[in-house]
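For reference, the structure is listed below as structure tokens.
Please treat every number below as a calculation from the coordinates, not as lab data. Since we're looking at a predicted model, the values are computed, not measured. A quick note on method: Cβ atoms are made from the backbone with ideal geometry, for glycine too, and the neighbour counts reach across all protein chains shown.
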Amino acid sequence: MSFNICHIITTIDLGGAEKQLLTLASFQRQSGDQIEVIFLKDNPRLLKEFLSAGVEINTSFSSLGFFQQILRLRKKIKDHKTVFHAHLPRAELLCAIALPKKSFIVTRHNAEAFFPKGSRFVSILLSRYVLHRASSSISISRAVTDFLISSRELSPKQSNYVVHYGLQNTRVVALPSPKEVSKVIQIGTVSRLVPQKNLALLLKSLQILRKSSSFEYRLSIVGVGPDKLELLSIAKDLRIDDAVDWIGQLTETETFYQGLDVFILSSNYEGFGLVLLEAMLQGVPIVARRVSAIPEVLGMKHPGLLDTDTPEEMAGRVEELITHPNLLSEVLIHQRRQLAEFSIENTCRLHSVIYAQMINSSRD
């Protein structure tokens, strides 16, 4: 069964939700679905990639105010066969206001407040309104569903599905070469520079490694965000600023991952953590905290998971990976097996089931 799908998303920038939509929409198009993507604001950095995949991009909404976007979306309602699928809060709220009740689906990509910068009461109220009007909701991890239930945004009576992110290819495309004792050890992360990512923990871990290890460690950080000046100050105070490379945004990250000896995710919480799949795909061993959706993605028995948020444990685990070949091999074997669980074919199949249920329900 093929579908006419209209994905509506706040931006098509370089975030995890946007990159996953690119993968999903591309595969849906290859599977014979008719796909349109509407983005609502900001610089469409992934525009070329969407167009190259044969996905139609509607640019007309991005220059409009929210009220005008409501009016324009209402004009797009043609028949019950179109699947409207909203991603990220602004797009979800737009669909909830502009579209008939139970005529759209939302995907929750984050285990955090609907509007993090607003009041908690208003954020919860708006989230409940959106979920009440949606035909069903998709959580990208069990951690996101647990968050929605614990924050009382999702009622047990409402339809919610867990559908993990997927990759076009789940076979490891690169393997690290054997380490040499004299080698500079390159650690790194891909992260927004925001409090959620707890990059101060990563910087403190680097300081310990630089002081205690016989290796020379360097850290590279891909990403931008409002915390950069504060993080630069922390690195300077720790006297490691000369060992940190602030790379900024990258459209293509494969080469970056392949240059790493260890990938580290220091986040306090994650809705999913697409960067974990990206690192696994490039054969990079991972060290990350056992919080939120991270063990769901890596697997509870991943040897690189940390049970505390101390820089000493993080630094120690990195050093163990570098100095113990058997542990490194164990991590890479585990990651190769775990990666196979996240295929875009499975992700797309589950979406199709949810779409069909909504269409059938609208006919009743």
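General observations
- Cα-based reach from K102 at 21 Å (exclusive), listing lysines while leaving out same-chain residues under 8 positions away: K75, K76, K78, K81, K157
- Pairwise FRET efficiency - D307 versus S329, Cβ, R0 = 30 Å, nearest 0.05: 0.85
- Rounded if a/c under 1.5, otherwise prolate or oblate - region 165-274, Cα gyration tensor axes: oblate
- Placing unit charges on the Cβ atoms of the charged side chains and taking the dipole of the chain about its Cα centre, the candidate lying farthest along the positive direction among T59, H324, P44 is T59.
- Loop chymotrypsin sites (Phe, Trp or Tyr not before Pro), region 45-113, which have at most 15 other Cβ atoms in a 10 Å radius of their Cβ (DSSP): none
- Partners of K204 within straight-line reach, counting aspartates and glutamates whose Cα lies under 13 Å from its Cα and excluding those fewer than 8 residues away in the same chain: D237, D241, D309, E312, E313.
- Estimated inter-spin distance, F121 and Q158, nm [label 7 Å along Cα→Cβ]: 2.0 nm
- The length gained on full extension between M1 and S52, counted as 0.36 nm times the residue separation minus their Cα-Cα distance, comes to 16.0 nm.
- Mean Cα-pair separation over length for the chain, i.e. relative contact order, pairs under 8 Å, 6 or more apart, %: 16 percent
- Cα coordinate range in region 184-339, projected on the principal axes (Å, largest first): 39, 34, 30
- Computed from Cα atoms alone, the Kirkwood hydrodynamic radius reported for the chain is 21.5 Å.
- Relative contact order for region 184-339: 24 percent, from Cα pairs under 8 Å spaced at least 6 residues apart, divided by residue count.
- With R₀ fixed at 41 Å, the C-beta to C-beta distance from Q357 to T59 puts the FRET efficiency at about 0.85.
- Distance-filtered residues of region 319-336 - backbone nitrogen under 12 Å, label point 7 angstrom along S212 Cα→Cβ: 319-320
- Part-to-part distance (alpha-carbon centres) for region 286-364 and region 135-173, which is given in Å: 14 Å
- Inverse of mean 1/r across different Cα pairs in region 60-120, Kirkwood, Å: 12.7 Å
- Listed residues A113, A25, A288, most fluctuating in the chain (Gaussian network, C-alpha, under 10 Å): A113
- Given charges at beta-carbon only (K, R positive; D, E negative), |dipole| of the chain in Debye: 1400 debye
- For the chain, a Gaussian network of Cα nodes joined below 10 Å ranks L231, L219, L21 by mean-square fluctuation, and the top entry is L231.
- Gaussian network model of the chain, springs between alpha carbon atoms under 10 Å - residue of A279, A340, A91 with greatest fluctuation: A340
- Contour excess over end-to-end distance, with Cα ends at Q186 and M300 and 0.36 nm allotted per residue: 38.5 nm
- Rounded to the nearest 20 debye, dipole of region 301-364 from Cβ charges on Lys, Arg, Asp, Glu: 520 debye
- The label point for R142 and the one for Y129, both projected 7 Å from the Cα toward the Cβ, are 3.3 nm apart.
- Exposure proxy ranking, count of Cβ atoms within 10 Å, fewest first, for V106, V262, V162: V162, V262, V106
- When the chain is described by a simple charge dipole with +1 on each Lys and Arg Cβ and -1 on each Asp and Glu Cβ, the residue from A17, T189, M314 located farthest towards its positive end is A17.
- Length-normalised contact order for region 117-223 - Cα pairs under 8 Å, 6+ apart - percent: 23 percent
- Under 24 Å from the Cα of K19 - lysines, other chains or at least 8 residues apart: K41, K48, K117, K197, K228
- With at most 16 other Cβ atoms within 10 Å, longest stretch of the chain clear of loop GluC sites (Glu not before Pro) (DSSP): 1-179
- Dipole orientation for the chain: of the candidates Q249, S159, H87, S159 has the Cα lying most toward the positive pole (charges on Cβ; Lys, Arg +1; Asp, Glu -1).
- Point-to-point label distance, K102-R74, nm (Cα→Cβ direction, 7 Å offset): 2.2 nm
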